[in-house]
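**Student:** Once you've had a glance at the structure underneath, I'll fire off some questions.
Please treat every number below as a calculation from the coordinates, not as lab data. These numbers come from a predicted model, not from an experiment. Here the Cβ positions follow ideal geometry from the backbone for every residue, glycine too, while neighbour counts run over all protein chains shown.
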Amino acid sequence: MSNAVKGVIAAAKGESVKLTTILVPDPGPGEALVRIKACGVCHTDLHYREGAINDDFPFLLGHEAAGIVEKVGSNVTNVAPGDYVILAWRAPCGTCRSCLRGRPWYCFASYNATQPMTLEDGKPLSAALG
């Protein structure tokens, strides 16, 4: 099942961003669905909009947010529905050599959602920074 939500979308290089309805799938294994309460769109997102990082348009912008967990997929043990969470663009694995050396910002196996978000017409979205 998909969840219809609003997201800030950069549809094409240099175009104005728009608040658009997108479809987010229910969480799969190891994933959580979070109702976003606050989110910033930063300078890195501007680089995506300008095509300076890659050209996998359309992009869902805003990769640092806070919200409440609504649903969790199988194998999720560290959060539950109702938990308040802070999201960042990287979810370090905790087990690679960088994580074990205390440098999770260099994680080699950062977790990302595996199911694509889409526009209402089914076109897949690229998530800026995972």
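**Student:** Rounded if a/c is under 1.5, else prolate if a/b beats b/c, else oblate: with a ≥ b ≥ c from the C-alpha gyration tensor eigenvalues square-rooted, which is the stretch 1-58?
**Tutor:** Because a/c hits 1.5 or more and a/b exceeds b/c, the stretch 1-58 counts as prolate.
**Student:** Turning to a different aspect of this structure: Using DSSP to define loop residues, name the GluC sites (Glu not before Pro) in the stretch 1-66 whose beta-carbon has at most 11 other beta-carbon atoms within 10 Å.
**Tutor:** GLU50
**Student:** I've got another one for you. Applying 1/(1 + (r/R0)^6) with R0 = 22 Å to the Cβ-Cβ distance of ILE36 and LYS123, what FRET efficiency is obtained, to the nearest 0.05?
**Tutor:** After rounding, the FRET efficiency stands at 0.55.
**Student:** Helix-only estimate, please: 222 nm mean residue ellipticity of the chain, summing -39500 (n - 2.57) across DSSP H runs of length 4 or more and dividing by its residues, to the nearest 500.
**Tutor:** Helix contribution divided over all residues of the chain: -2000 deg cm²/dmol.
**Student:** Dimensions of the stretch 2-113 along principal axes (Cα, Å, largest first)?
**Tutor:** 40, 32, 21
**Student:** Right, here's the next one. Between GLU64 and residues 5 or more places away or on another chain, which pairs have amide H atoms under 5 Å apart, with H built 1.01 Å from N, and which residues are they?
**Tutor:** For GLU64, whose amide H was placed from the backbone, the distant partners under 5 Å are GLY40.
**Student:** For ASN3, what residues show an amide H to amide H distance below 5 Å, using hydrogens built from the backbone and excluding near sequence neighbours?
**Tutor:** The list, which skips near neighbours in sequence, is VAL24, ASP26.
**Student:** If I take every Cα pair under 8 Å that is 6 or more residues apart in the chain, average their sequence separation and divide by the length, what percent do I get for the relative contact order?
**Tutor:** Averaging sequence separation for qualifying contacts and normalising by length gives 25 percent for the chain.
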